[in-house]
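Below is one structure, written out as structure tokens, with a few remarks after it.
The values are calculated or read from the model by the stated rules, or taken from the named source; none is laboratory data. Since we're looking at a predicted model, the values are computed, not measured. We place every Cβ from the backbone using ideal geometry, glycine too, and count neighbours over all the protein chains shown. In case anyone asks, the SASA skips ligands and DNA or RNA and just uses the protein heavy atoms, side chains included. Shrake-Rupley method; radii C 1.70, N 1.55, O 1.52, S 1.80 Å.
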Amino acid sequence: MIGIFDSGVGGLTVVREVLKQLPNQPIIYFGDTARTPYGNKGPKTIIRYSQENTDFLLSKGASVIVIGCNTASAVAVEALREKHPDVPILEVITPAVSRAVAVTKNKKIGVIGTRATIASQIYTKKIQEIDSSIKVFSAACPLFVPLVEENWLTRPETKMIARRYLTDFKNVGIDTLILGCTHYPLLKEVISAKIGKRVVLVDSAEEVVKEITNYELRITNKEGDSKFYFSDLTEQVGKISARWLGGKVDLEETNFETK
């Protein structure tokens, strides 16, 4: 089974892609809505949360772990792989970088993400490891995650904030923008409208599912239903889950300890 965790509802964008590309594979999802967002927390805390989330998914039968959170991918992936050397642990950053490098024409790539992701400079490092001539422009967008968690996807305030965040990218003329947080595809229409239709948006959720297929032998058990757990199950979580997954799904508030 495929285990996916995120700091909240953003990882459902990964779930949606798995359901689209691997429709027969059961999924175990954990959204840490009680402790979201991760992007304004320190590395030690992010690693601890990520280890707890991974242990929970493995206890539920996951055989492949997908870190559906850019912040955790940037900060915690090596610690998780060291703790679980026999478990495939995939992150969302590397596939997005590969895609962005492949599609850019003017070698100007923008990256938006949480403060922790941007501060890590992981996208810049990985992009320039592939092609050092590419210019990378990054910006933290800390308000996007709470806006998504509140389901304020098309509110005027959200559009105003998006315009403010993205103005500098328009000024430098990027042709590719990495959505460096799995919450951000929920704002794809607003982001595209503000950055310009000619800019290619790279969705890390779409790209990481291509990586999952490399572990097909690990996930061929097709018995059982997908399970969706949240550390704090609210009405908004239910609304976003139904909207993003195309209908009502059974959600469960886990007694997984989140201190």
Would you mind checking which residues have amide H under 5 Å from L90's amide H? H placed 1.01 Å from N; only 5 or more apart, or other chain.
I65, V66, I67
How large is the Kirkwood hydrodynamic radius of segment 101-212, counting all unique pairs of alpha carbons, in Å?
14.2
Could you check which residue among E211, E91, E235 shows the biggest mean-square fluctuation in a GNM of the chain with a 10 Å Cα cutoff?
E235
Paramagnetic reach from Q21 in segment 85-100 [backbone N under 18 Å; point 7 Å along Cα→Cβ]:
88-100
Whenever you get a sec, line up D86, D232, D131 from highest to lowest accessible area (probe 1.4 Å, protein heavy atoms).
D86, D232, D131
Any idea which of A205, S226, S120 is furthest toward the positive side of the dipole for the chain, if Lys and Arg beta-carbons carry +1 and Asp and Glu beta-carbons -1?
S120
Work out the length of the dipole vector of the chain about its Cα centre, built from +1 on the beta-carbon of each Lys and Arg and -1 on the beta-carbon of each Asp and Glu, and round it to the nearest 20 debye.
1140
Could you give me the ³J(HN,Hα) list for segment 161-168, computed from phi with Karplus coefficients 6.51, -1.76, 1.60 and θ = phi - 60°, whole Hz, x at Gly and Pro?
5, 4, 4, 5, 5, 9, 4, 5
Calculate what fraction, in whole %, of the accessible area of the chain sits on carbon and sulfur atoms when a 1.4 Å probe is rolled over the protein chains.
47
Whole-Hz ³J(HN,Hα) for each residue in segment 68-74, computed from phi via Karplus 6.51 cos²θ - 1.76 cosθ + 1.60 with θ = phi - 60°, x for glycine and proline: what do you get?
x, 8, 5, 4, 5, 4, 6
Between beta-carbons, use under 14 Å as the cut-off and find the net charge around P43, counting Lys and Arg +1, Asp and Glu -1.
+3
With R₀ set to 22 angstrom, the calculated FRET efficiency between the beta-carbons of E189 and A242, to the nearest 0.05, is 0.75
D203 - accessible surface, heavy atoms, 1.4 Å probe, Å² rounded to 10:
10
Expressed as a whole percent, how much of the Cα-Cα distance distribution for the chain exceeds 23 Å?
47
If each residue of separation counts as 0.36 nm, what is the full-extension length gain between Q121 and K210 once their alpha-carbon separation is subtracted?
29.6 nm
Any residue on another chain or 5+ positions along whose placed amide H is under 5 Å from the amide H of L201 is listed here as L177
Shape call, segment 1-134: gyration tensor on alpha carbons, a/c limit 1.5:
prolate
Could you give the size of the charge dipole of segment 1-75 about its Cα centre, using +1 on the Cβ of each K and R and -1 on the Cβ of each D and E, expressed in debye and rounded to the nearest 20?
100
How would you order 40-53, 23-36, 178-191, 3-16 from highest to lowest mean count of nearby Cβ atoms within 10 Å?
3-16, 178-191, 23-36, 40-53
With r defined as the distance between the Cβ atoms of I130 and N151 and R0 fixed at 30 Å, what FRET efficiency is calculated, to the nearest 0.05?
0.25
In whole angstrom, note down how far apart the Cα centers of segment 3-76 and segment 120-134 are.
24
Which of rounded, prolate, oblate describes segment 1-63, given a ≥ b ≥ c as roots of the alpha-carbon gyration tensor eigenvalues and a/c under 1.5 marking rounded, otherwise prolate only if a/b is larger than b/c?
oblate
HN-Hα couplings for segment 172-183 via Karplus (6.51, -1.76, 1.60; θ = phi - 60°), in whole Hz with x for Gly/Pro, come out as 8, x, 5, 10, 9, 10, 8, 7, x, 7, 6, 6
Averaged per residue, the 1.4 Å probe accessible area of the chain, protein heavy atoms only, in Å², is roughly 45
